[in-house]
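Written out below as structure tokens is the structure these notes cover.
Please treat every number below as a calculation from the coordinates, not as lab data. Here the structure is a predicted model, which means the values were calculated and not measured. We place every Cβ from the backbone using ideal geometry, glycine too, and count neighbours over all the protein chains shown.
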């Protein structure tokens, strides 16, 4: 009997156990006490500055209809019979049909005047603005017309704006979409919220080196860092990880309209030298890898593709020096 199937089984067990050992983050959703949200006027609030996301300037933001919108950056869309391709930057998403309905209701008795205002959304009455909501969600076949229909915002001949079904196939040349900021409960993966943090990349931190983390969002009123229970309210966070292992980094911001956005990341720390420093380790290397486990007090590995994915860890905990 070949031992190869048994080896594959053991390999799967190993990978599963490694993944199971990854710690999880819990986003801090407690409210800020240091700032009072500014009052809304005319049912909407403009951000004081343009918003830059990963180096791209998206113009001013607008808070309206219980959402923050990239109002000056509509995206040209492509029709679909399944799901629309999401063109939004990290931390943002296509609005739902309800979001569009709330938008129309929130901007006053003459929504078309606000939505087509060149200083605000600057929508064109000849275009259709889609949501991610399929009108007929059970239809997903290209040859069936209902499959291509999504709820979207359109302007009627009377000048009024309304949300209704739009066929993304027949209207393919005239469909666009705006993006809305994801709320905390809409971000399922840590590190993908709409908070831009400079100083964290996909690689592990190296023990003993200094790192400077900073919030890059432009239109915020306040921010807080939380390192395993220790809070820091400075804009920049200086830290030196002093031991290999992992720690949770929580951070949250108060946006220009007083709403809160939080995120959490598991940060791994590796030694500068030794087997842990192999940043090119991949799943394929599992076929030939060996570690001298017995020199570690509490045997364990973590697996995180793309960084220094496989590293021994011990039970000594993690020490962090904060530079205030």
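The Cα-based radius of gyration of region 134-194, divided by its Kirkwood radius, gives an Rg/Rh of 1.09.
What is the fewest-to-most order of 251, 211 by other Cβ atoms lying within 10 Å of their Cβ? List each step's numbers first, then the result.
Working: 251 24, 211 14.
By the 10 Å Cβ count, ascending: 211, 251.
So what's the projected area for region 44-181, the Cα convex hull averaged over all directions, in nm²? Walk me through the numbers on the way to the answer.
Numbers: hull surface 32.6 nm².
Value for region 44-181: 8.2 nm².
Per the Cα gyration tensor, region 78-155 maps to an equivalent ellipsoid with semi-axes of 25, 14, 12 Å, ordered largest to smallest.
At an R0 of 22 angstrom, the distance between the Cβ atoms of residue 238 and residue 26 translates into a FRET efficiency of 0.35. Each label point was placed 7 Å from the Cα along the Cα-to-Cβ direction; for residue 142 and residue 200 their separation is 4.0 nm.
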